[in-house]
Amino acid sequence: MLLEHTWEVWPRNVFVPGTNIPVDPSKPWSFAPTTTTPLYPEPFPVAQSSQNPIVPNVKQWQAHPDFQAPKPVDRKDAFRQRSVLINPRRIKKWLSSKFHKRRRSPEDWPSLLDERRATISDWVAYGHWARPTINGVMVRNATPPPVRQHLPLNEVEALMRSLNNPSGSDPHPERWIAHLEHPALPPRPELWRTVFNEPDSRIPPSRVQLNPMLEHRLMGTQPIRVDVRHSPEVAILGETPPIPEDPVPGLTYLFVDGPNGAQQATFPSFRQLHVSGIADDPVGRFPWPFTITSAHEHVGITVVDVLDAIYCNFQELMTEEEYWSLDVERREQVVRSFHIRQVLRREKHTMLTFAGRTNEPFSEDGVRRVDYLGDRYILRGLEASPDNRSFIIFFGPP
């Protein structure tokens, strides 16, 4: 039997527009990703209801003839036995470990990475916390304010109502104060409270966990489709379901300004990540290494920070010395890529002009670093470099 292809938006930590959980001030925040219905069908066949279920032939457990059920415990006798073991020092030690947990220091993190890895639910939870939707308005909640504020619940609820009018036609996201606490708001995930400067010998790049959107895949569709010739604002999901009227898969934007772009790029969090080269590049030394930095010193690098840094680096103009330092075949490839990009820019400009959005004359720009990539301008993720001191970037054809 041939199985039809089932479309699935992935990775699981992406937010599809219209699926955000809105904040309801009258109800406590609830998020259970493991119990929600999947957005699209799972890629495996489901048995028809008319078919008989398969029941394993397993004998029911029976007690051994010599088995005796345990006698009920007298609670008073049990308490007397435990009272002998009660020790004031033990009680003090237990209370200290229960209510005064020591915050993990940076020296503890290498061992923590052996115990804990960020799950899909963790990435999604951070997106909910960083970009919650309150009163129909998406607000920025990750960047801490200059002064931490603690408002009573009634004032927080009044602030929620002030973000929009009853008809929803006058949004004011700038009124929101980040890091406020309320039972209806998503809690801050504990995994990303500590922000390191950059990977080092204690936490090398090979031990850093990348966001599933940025992980390199050896084959198949990349989780997100990012064309570095264009702004990350037009990035789309790697595979999206088709609309009923059209068998061609629809295009669903990544929406980098929302919960997708606000997710942390790595676990643990870092303020800087160094990219030292391009994978499968015949040039021995990558001429334009760059550093990805976070937008705020107290917030780790996010997915949109990575995409913006890659885009800005490859949008820089190539110098004459850089161009002539390439071999003849590579220069011809750069020239071909340049002319193709100019044709696309001219067509886009013509469409905008006919739409009445711009009347500016079209002008060709110079050769840019993105032309160096040739026809491999689709981002395919990051990996730790062979020397384990930085990251390398992968590109592929469309």
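Restricting the search to the range 107-125, which residues are part of a helix (DSSP H, G or I) and at pLDDT 85 or above? Walk me through how you get there before you give the answer.
The first filter runs over the range 107-125 and keeps only residues part of a helix (DSSP H, G or I), leaving 107-115, 120-125.
ILE120, SER121, ASP122, TRP123, VAL124, ALA125 - these are the residues of the range 107-125 that are part of a helix (DSSP H, G or I) and at pLDDT 85 or above.
Does LEU326 satisfy the criteria of being touching a Leu at 6+ places or on another chain (Cβ under 9 Å) and among the aliphatic types (A, V, I, L, M)?
On the way: touching a Leu at 6+ places or on another chain (Cβ under 9 Å): no; among the aliphatic types (A, V, I, L, M): yes.
So LEU326 fails the test.
Kindly establish whether VAL303 is modelled with pLDDT of 90 or more, aliphatic (A, V, I, L, M) and outside the structural domain of PRO212 (by TED's automatic domain parsing). Reasoning before the result, please.
Values: modelled with pLDDT of 90 or more: yes; aliphatic (A, V, I, L, M): yes; outside the structural domain of PRO212 (by TED's automatic domain parsing): no.
Here the answer is no, as VAL303 does not meet what is asked.
Within the group GLY277, GLY284, GLY300, which residue is crowded, with 18+ Cβ neighbours inside 10 Å and either under 19 Å from HIS216 (Cβ atoms) or without any contact (Cβ under 8 Å) to a residue 40 or more places away in the chain (or both)? Please lay out each step first, then the result.
Working: GLY284 fails: crowded, with 18+ Cβ neighbours inside 10 Å; GLY300 fails: either under 19 Å from HIS216 (Cβ atoms) or without any contact (Cβ under 8 Å) to a residue 40 or more places away in the chain (or both).
Unique residue meeting the criteria: GLY277.
In the list LEU218, LEU180, LEU185, which residue meets the criterion of being over 22 Å from the mean Cα position of the chain (by Cα) and part of a loop (DSSP other than H, G, I, E, B)?
Values: LEU218 fails: over 22 Å from the mean Cα position of the chain (by Cα); LEU185 fails: over 22 Å from the mean Cα position of the chain (by Cα).
The match here is LEU180.
Working only within the range 307-343, note down all residues that are more than 28 Å from GLN272 (Cβ to Cβ), in a helix (DSSP H, G or I) and hydrophobic (A, V, I, L, M, F, W, C).
Within the range 307-343, TRP324, VAL328, VAL334, VAL335, PHE338, ILE340, VAL343 meet the criteria.
I need every pair where a residue in the range 148-174 that is surrounded by 13 or more Cβ atoms within 10 Å (Cβ to Cβ) has its Cβ under 9 Å from the Cβ of a residue that is assigned to a loop (DSSP other than H, G, I, E, B) and of a type in the set (Phe, Trp, Tyr), sequence separation at least 6 or different chains.
LEU159/TRP176; MET160/TRP176; LEU163/TRP176
Take the conditions modelled with pLDDT of 90 or more and among the polar types (S, T, N, Q) and apply them to THR353. Does it pass?
Details: modelled with pLDDT of 90 or more: no; among the polar types (S, T, N, Q): yes.
So THR353 fails the test.
Given the criteria part of a strand (DSSP E or B) and under 21 Å from the mean Cα position of the chain (by Cα), does VAL304 qualify? I'd like the intermediate steps shown before the answer.
Values: part of a strand (DSSP E or B): no; under 21 Å from the mean Cα position of the chain (by Cα): yes.
Answer is no for this residue.
Out of the residues in the range 208-245 that are small (Gly, Ala, Ser) and crowded, with 19+ Cβ neighbours inside 10 Å, which is modelled with the lowest pLDDT? Before the answer, list the steps.
In the first step, residues of the range 208-245 are kept if they are small (Gly, Ala, Ser); the result is 220, 231, 235, 238.
Still in the list and also crowded, with 19+ Cβ neighbours inside 10 Å: 235, 238.
Numbers: ALA235: 91, GLY238: 76.
Within the range 208-245, the match that is modelled with the lowest pLDDT is GLY238.
Consider PHE290 against the criteria (1) modelled with pLDDT under 95; (2) crowded, with 17+ Cβ neighbours inside 10 Å: it satisfies all of them except one. Which criterion is unmet?
Of (1) modelled with pLDDT under 95; (2) crowded, with 17+ Cβ neighbours inside 10 Å, only one is false for PHE290: (1).
Among the residues in the range 188-211, are any within 23 Å of the chain's Cα centre (by Cα), part of a helix (DSSP H, G or I) and without any contact (Cβ under 8 Å) to a residue 12 or more places away in the chain? Please lay out each step first, then the result.
Taking the range 188-211 as the starting set, the residues that turn out to be within 23 Å of the chain's Cα centre (by Cα) are 188-200, 203-211.
Restricting the remaining residues to those that are part of a helix (DSSP H, G or I) gives 190-192, 205-207.
After this cut, where a residue has to be without any contact (Cβ under 8 Å) to a residue 12 or more places away in the chain as well, the list is 190.
Scanning the range 188-211 turns up at least one residue that is within 23 Å of the chain's Cα centre (by Cα), part of a helix (DSSP H, G or I) and without any contact (Cβ under 8 Å) to a residue 12 or more places away in the chain.
The values are calculated or read from the model by the stated rules, or taken from the named source; none is laboratory data. These numbers come from a predicted model, not from an experiment. For neighbour counting, all protein chains shown are included, and Cβ atoms are generated from backbone atoms with ideal geometry for every residue, glycine included.
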